């Protein structure tokens, strides 16, 4: 009679795999902490909002009364957590013939896959900036890339990015146009957007590796990746602004996320040419990721039918943009947006 995988066998491998989980620290890249805010939640669906800023304080007499003011609710966004699950079978043959090396790589790769998938989804807001899935908060409803962007956290006042709507490729002049648009934004009470001392640079240029040459020049960076370096993200501080080169906003990521079926050489491929300028202090307030409590986690089970161990990964989260403040960009393909 053929040898059957036993519960003892399973428990032994399960303990080993759980040990791998404890050893690995495959969290979101720490540089993401300068881009968006990550929170935990117990709620599957909830609404998050922003408040309009207060007006400056006024001079009163020594015994004068305090001047009344109030916070008003601005833009609001619904967040609905999605569930992500994957299972990979690890055969008994692999367990028997290679006790550590391949199994380590097997489990680690599945853990990396979970965090890769998070990055793919989080940057979806930039990949879809010119269509219906890349909009600001519910109470505005405008695409992230449009001719006019909101001036404040509520109301209908707008500022113009590119007057003619032409989506300019990345260049010094186009970069200055968009940073000028950012500088025009204010709070609802007209307060100037303050410089945030938490960052060496409060501005960040985000684009794909296809734009690396002009990006290096504009950001005025001294450190540059090797030609062969095509990692998921390359982050560097520049003299003029910080720079994030990421393929997660490019064409290949759009294909993986099921957002397009056009070819990479198609005129409709604007992912590889797109670029964005964000104010990091605003991004930290308004670019949100909400993780369901208890996730991420991993599990294993024995499959006696085919003598294998099933390794499961689970995740649940939502993400979105709460406010128009601090986000501008261009498709970079010389197309024209009229709305």
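FYI, it's all coordinate maths here, none of it is from the lab. Because the structure is predicted, anything quoted here is derived from the model rather than measured. Ideal geometry is used to build each Cβ from the backbone, glycine not excepted, and the neighbour counts take in all protein chains shown.
Based on other C-beta atoms within 10 Å, arrange 117, 263 from fewest to most. Let's see the in-between values first.
On the way: 117 16, 263 11.
Ranking 117, 263 by Cβ neighbours within 10 Å, fewest first, gives 263, 117.
Counting each pair of different Cα atoms once, what's the Kirkwood radius of segment 35-75 in Å, rounded to one decimal? The partial results should precede the final answer.
Values: mean 1/r = 0.0702 Å⁻¹.
The answer is 14.2 Å.
Could you work out the equivalent-ellipsoid semi-axes for segment 243-339, taking the square root of 5 times each eigenvalue of the Cα gyration tensor, largest first, in whole Å? Mind dumping the intermediate values first?
On the way: eigenvalues 259, 99, 21 Å².
So the equivalent ellipsoid measures 36, 22, 10 Å along its semi-axes.
Students often check this: by mean Cβ neighbours within 10 Å, which of 244-250, 296-302 ranks highest, and how do the rest follow?
So the order, starting with the most tightly packed, is 244-250, 296-302.
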